[in-house]
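Below: one structure, written as structure tokens.
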Amino acid sequence: MKFLIAGLACLMALAPARAQQDLGPEELVRKVTQDVLDAIRSDRQLAAGDRQKALKLAEEKVLPHIDFEEAARLAVGRAWARAAPEQRKKLVEEFRRMLVRTYANAISAYEGQTMQVLPVRMKPGDTEVTVHNRYIRAGSKPLLVDYAMHKTAEGWKIYDITVEGVSLVLTYRSEFDAIVKQEGIDGLIRRLEEKNTPARLA
């Protein structure tokens, strides 16, 4: 799970989101990951895990690049189809808060790393693609991170992250499924609210 958390941290960007909407998936991932690594190198407090700076960065920059509704839908799994519109809204809201909070706690892990985006194989007209990244730290084995992306009206967005073969969405799905079986959809929402309470983000 700590590697999945670290993968999430590399989604944040410091450039204006509007300027990135026309970028292809490979270019977008390269831009946003490089920007956050540059930010860590240039800001000692951010690199040291300053929570307020990390939260501010997450709040301002993560939303344009992640499709939280699709990520939440996949994480919740079959129960999503049974959820009422208001329940779905709450699930997306709390899932978003949980991931942003997680990012704020993980950003310092990327100090001293470099990033390599591997060439993307896609055909004209493709609307789904996986972008493969390698994060490299001297003396350590490269960390492999894959970003599952799809094209939306607002440009390419990420809806899942796979780190060393482990999917963030599927990891949460098993946890969420167990809660839904015992406590129902409202129980899952309540659990997420409780988890997010110490650091409510909005």
Fill in the blank from the handout: A chain fully extended from Met122 to Thr171 at 0.36 nm per residue, minus the present Cα-Cα distance, gains in nm 15.0 nm
Exercise for the section: Any lysines with Cα under 25 Å of the Lys195 Cα? List them, leaving off those in the same chain fewer than 8 positions away. Expected result: Lys2, Lys53, Lys56, Lys61, Lys89, Lys90, Lys181
Completion exercise
Plugging the Cβ-Cβ distance of Arg82 and Leu144 into 1/(1 + (r/R0)^6) at R0 = 30 Å yields, to the nearest 0.05, a FRET efficiency of 0.30
Practice task
Note down the net charge around Thr130, summing +1 for each Lys or Arg and -1 for each Asp or Glu among other residues with Cβ under 12 Å from its Cβ.
Solution key: -4
Completion exercise
Among trypsin sites (Lys or Arg not before Pro) in the range 78-187, those in a DSSP loop whose Cβ has at most 16 other Cβ atoms within 10 Å are Arg121, Arg137
Practice task
Could you calculate the contour length gain from Arg41 to Asp186, that is, 0.36 nm times the residue separation minus the distance between their Cα atoms, to one decimal place in nm?
Solution key: 48.0 nm
Exercise for the section: Using θ = phi - 60° and the Karplus relation 6.51 cos²θ - 1.76 cosθ + 1.60, list the HN-Hα couplings for the range 23-30 in order, rounded to whole Hz, with x at every Gly or Pro. Expected result: 6, x, x, 5, 5, 5, 4, 4
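Read-outs throughout are calculated quantities, based only on the coordinates presented, and are distinct from any laboratory measurement. Remember, it's a predicted structure, so these values are computed and weren't measured experimentally. Virtual Cβ from ideal backbone geometry, glycine too; neighbours counted across all protein chains shown.
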